[in-house]
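A.B. asks: Have a look at the structure that comes next, please.
Where a number appears in this text, it was derived from the coordinates with a stated rule and is not lab data. A quick note: this is a predicted structure, and the numbers were derived from the prediction, not measured. Cβ atoms come from the backbone with ideal geometry, glycine included; neighbour counts cover every protein chain shown.
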Ligand SMILES: Nc1nc2c(ncn2[C@@H]2O[C@H](COP(=O)(O)OP(=O)(O)OP(=O)(O)O)[C@@H](O)[C@H]2O)c(=O)[nH]1
Ligand SMILES: [Mg+2]
């Protein structure tokens, strides 16, 4: 039996959570086209079996995108990601563009990676959006650094080359125990997944500052009846944001609620009655107490 912990790290929006979902073949982490979607370290467990017997277990840790923090939440997110570097057996560093594209974020992460001796694999993601010459250039510039054991190109959205990446990781994994039961894919509670699905819909429906200032809190989760009743509070930072989230005649909130409910029903495998409330908590992202109350601790 081989096993190990693998951190998935990189700048915001490079496709870390998409890659995790693709590896598992199930959605355990929300994704969006907006930067800073993931806020917590999210574990996803991949167990490969042969003739029904587990032979390899890789515990992936999807992390928030590393960025220059502007508030307490941002600091929490970046620290969460950086703190995995020394705690795992392998690091997958995801990039989606050349280093010299003015994305100093990658250089900052590389400096941090150099400080730990954890084995590193570079994943050039979104190969579907990169022309071959650019891919070669990215490849060459990272290879020259000499800190990556392997460089793999992927299209996480379509699962391209993900098998190859898994093979490379498995080859490097050492003999070790099973950390989780073989049929477990995440250790996150359903409540967390439900709140994340709601936040994902908010990220989908809304733009700019509004979704970034949103936290979702599950206030009631009643599974006693045929229909599961869930009450969730959507916290935003300003009264004006509250108006945007609710929308004209409540249309936006209704849309968020309907698409979230559909996905929650699929997750829980039962009918769901979802009630959403929008509340204002001014500048909560600046307060270490408020962020910790929302579970960012
Ligand atoms: N074309 C293309 N899009 C991708 C690929 N991988 C991810 N995406 C898209 O890139 C966007 C960001 O993906 P995420 O998985 O949320 O990125 P992330 O790195 O987890 O982002 P943060 O959580 O904000 O740090 C989403 O719109 C994805 O659909 C890919 O290989 N090709
Ligand atoms: Mg993410």
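A.B. asks: How many percent of Cα pairs in region 79-236 exceed 25 Å?
C.D. replies: On the way: 6405 of 12403 pairs.
Looking at region 79-236, the distances longer than 25 Å represent 52 percent of pairs.
A.B. asks: Same structure again: For a quick check: sort 277, 192, 85 by the number of other beta carbons within 10 angstrom, fewest at the front. Write down the numbers at each step before the final one.
C.D. replies: Values: 277 12, 192 16, 85 19.
Ranking 277, 192, 85 by Cβ neighbours within 10 Å, fewest first, gives 277, 192, 85.
A.B. asks: Using r as the Cβ-Cβ distance of residue 277 and residue 226, and R0 as 25 Å, what FRET efficiency do you calculate, to the nearest 0.05? Before the final figure, lay out the partial values.
C.D. replies: Working: r = 23 Å, r/R0 = 0.94.
So the FRET efficiency works out to roughly 0.60.
A.B. asks: Please work out the ratio of the alpha-carbon Rg of the chain to 2.2 N^0.38 Å and round it to two decimals.
C.D. replies: With N residues counted in the chain, Rg over 2.2 N^0.38 Å equals 1.04.
A.B. asks: State the extension gain, in nm to one decimal, for the chain segment bounded by residue 143 and residue 286, taking 0.36 nm per residue of separation less the distance between their alpha-carbons.
C.D. replies: Details: separation 143, 0.36 × 143 = 51.48 nm, distance 3.91 nm.
Extra length available between residue 143 and residue 286 comes to 47.6 nm.
A.B. asks: Compute the orientation-averaged projected area for region 2-175 from the convex hull of its Cα atoms and round it to one decimal in nm². Mind dumping the intermediate values first?
C.D. replies: Details: hull surface 39.1 nm².
Computing the convex hull of the Cα atoms and averaging its projections yields 9.8 nm².
A.B. asks: Between region 1-76 and region 200-252, how far is it from one alpha carbon centroid to the other, in angstrom?
C.D. replies: 24
A.B. asks: Also, I was wondering about something else. Using the Cα atoms as the points, what is the convex hull volume per residue of region 92-181 in Å³? Let's see the in-between values first.
C.D. replies: Values: hull volume 11.2 nm³, N = 90.
It comes to 125 Å³ per residue, whole-number rounded.
A.B. asks: Helix 190-205: angle to the longest alpha-carbon principal axis of the chain, degrees 0 to 90, nearest 10?
C.D. replies: The helix 190-205 is inclined about 90 degrees to the chain.
A.B. asks: For residue 270 and residue 171, FRET efficiency with R0 = 41 Å and r from the beta-carbon atoms, rounded to 0.05? If you can, show how the numbers build up before the last one.
C.D. replies: Values: r = 41 Å, r/R0 = 1.01.
Given R0 = 41 Å and the Cβ-Cβ separation, E is 0.50.
A.B. asks: Next question, about the same structure. Once the Cβ-Cβ distance between residue 48 and residue 249 is put in as r, and R0 is 51 Å, what FRET efficiency do you end up with, to the nearest 0.05? List each step's numbers first, then the result.
C.D. replies: Details: r = 51 Å, r/R0 = 0.99.
My answer for the efficiency is 0.50.
A.B. asks: Right, next: If each DSSP helix of 4+ residues adds -39,500 (n - 2.57) and the sum is divided by the residues in the chain, what number results at 222 nm, nearest 500 deg cm²/dmol?
C.D. replies: On the way: 10 runs with 106 residues, N = 297.
Helix contribution divided over all residues of the chain: -10500 deg cm²/dmol.
A.B. asks: If you don't mind, another one. Would you order 227, 6, 28 from fewest to most other beta-carbon atoms within 10 Å of each residue's own beta-carbon? Provide the component values of the computation, followed by the final result.
C.D. replies: Numbers: 227 13, 6 26, 28 21.
In increasing order of surrounding Cβ atoms, one gets 227, 28, 6.
A.B. asks: For each of 45, 185, count neighbouring Cβ atoms within 10 Å of the residue's Cβ, then give the residues from fewest to most. Numbers along the way, then the final one.
C.D. replies: On the way: 45 20, 185 17.
The most exposed by this proxy come first: 185, 45.
A.B. asks: Over region 190-293, what lengths in whole Å, largest first, do the semi-axes of the equivalent ellipsoid take, defined as the square roots of 5 times the eigenvalues of the alpha-carbon gyration tensor? Spell out each step's value before the answer.
C.D. replies: Numbers: eigenvalues 107, 51, 24 Å².
Ellipsoid semi-axes (Å, largest first): 23, 16, 11.
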